[in-house]
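Notes for the one structure printed next.
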Amino acid sequence: MTRTHQLRNQPRNARTTPGRTALISGAGIAGPALAYWLNRHGFAVTVVEKSGALRDGGYPIDIRGTALEVVRRMGILPRLREAHIDLRRLTFLDGDGGEVASVDPHTLTGGVAGADVEIRRGDLTDALYAAVRDDVEFLFNDSVAALDQSGHAVDVTFHGGATRTFDMVFGADGPHSRTREFLFGPEERFHRYLGYCFAGFTMRNTFGLSHETVLWNTPGRAAALYAVGENDDVHAFLNFARPEQPFDAFRNPQAQRDLVAKVFADARWEVPGMLAAMDDADDLFFDAVSQIRMPRWSSGRVALVGDAAYAPSFLTGQGSSLALVGAYMLAASLADGDHVAGFAAYERDTRDFVTLNQDQVGEGDATLFPTTARALEQRNDMLRGLGGAMPAAAGRPAHSALALPPIRPR
């Protein structure tokens, strides 16, 4: 008998009395965070994830401002601080590989040294999973095939063949969310392309880099090596401006490699070696730099959270923080009310914070990735003027522009 889906674990505190039930699609960051808070508010929660396990490793991410309070309330902040990367230097190079400037990373990110947390994505997902795995049901190797809201609940058909009914369903399945497509139609309606594409992968650290990022630029092109430790592999990024999105490459890994290789064919510095490593990488991630902007985040008994509803793009550095804050606010809005009132409160109380952080970047205008020689020289002049200056202790106001409602007692 073939198993239609893999049941990773049953909740330790399985319910014996009726209660509100919820299905969350996606076990990245927003999904497990939402599962934690919904469970705290009395829901019986199931999380379905199309991958066979949690994503390990991954590129470094930041947790800042209001999101720090979310993870503190979850009790996982000490674990995250132990995994903190402590990036100490960001060095900019010109097209020939000569140094333009070396600055403290917080100077540009608006982060707060000693307060913000920067960790591997996998370390955050591991911590979130550990916080919920005993109380929440996880289904791996499966996904949602169809949703039916014609009754007084949501009938869900899984790709594995099973059918189940939930009081509410939540899409935490990323910027290319299938849940969003079920509810609102094609991604193109909400996709705001910012004029860049990027490829990310890991490669051997043969450069002597440690706790630092080195960023090479020519107009419209950038290559970065990010070393989180002394002996670890480095995270390599190749970013380039492109007027139109390469739709034909999004689902074709070889087309992605060919496109990146063509764009950087004449690049100097360490780029030729990076291209060679990309050919052999088994963790290549390619995508457009974009945002998701939606007029509303719910329909009926189904709501979206995190990148599925409001991806801010990596240019803001706020994707993980918005996912954590959004999950907290969504669950809090449902603590005492039905889905109609709860979803309305979620949007009312969270949207301004989301928009403020999304607006940290403008369309086609990324300070780190200028597209013209003049803009690049202006940016380099700005960097030389920064020197070793440290940012203000408060960081960027947008990062902390939302006060969380109190935790409801158990």
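Tabulated results
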item	result
For region 244-314 versus region 160-196, the gap between their alpha-carbon centres in whole angstrom	18
Whole-number D in µm²/s for the chain (Stokes-Einstein; Kirkwood sum over Cα pairs; 4 °C, 1.567 mPa s)	58
Residue 145 long-range amide H proximity, modeled H, under 5 Å	157, 158, 159
Percent RCO, i.e. relative contact order, over the chain, from Cα pairs under 8 Å lying at least 6 residues apart	23
The chain - mean residue ellipticity at 222 nm from DSSP helices (-39,500 (n - 2.57) per run, n ≥ 4, rounded to 500)	-9000 deg cm²/dmol
17 Å reach of a label modelled at residue 377, 7 Å along Cα-to-Cβ, counting backbone N of region 65-100	94-96, 100
Distant-in-sequence amide H partners of residue 229 (H built 1.01 Å from N, under 5 Å)	211
Amide proton proximity set for residue 101, modelled H, under 5 Å, gap of 5+	92
Stretchable slack from residue 386 to residue 338, in nm (0.36 nm times residue separation minus alpha-carbon distance)	12.2 nm
Integer Hz, Karplus 6.51/-1.76/1.60 couplings in order for region 200-215, x for Gly and Pro	x, 6, 9, 8, 5, 8, 9, 10, x, 8, 8, 6, 7, 10, 10, 10
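Here, each number is a calculation from the coordinates, and none is a lab measurement. Bear in mind that the values here come from a model prediction, so they are computed numbers and not experimental data. Here Cβ is always computed from backbone atoms with ideal geometry, including for glycine, and neighbour counts include all displayed protein chains.
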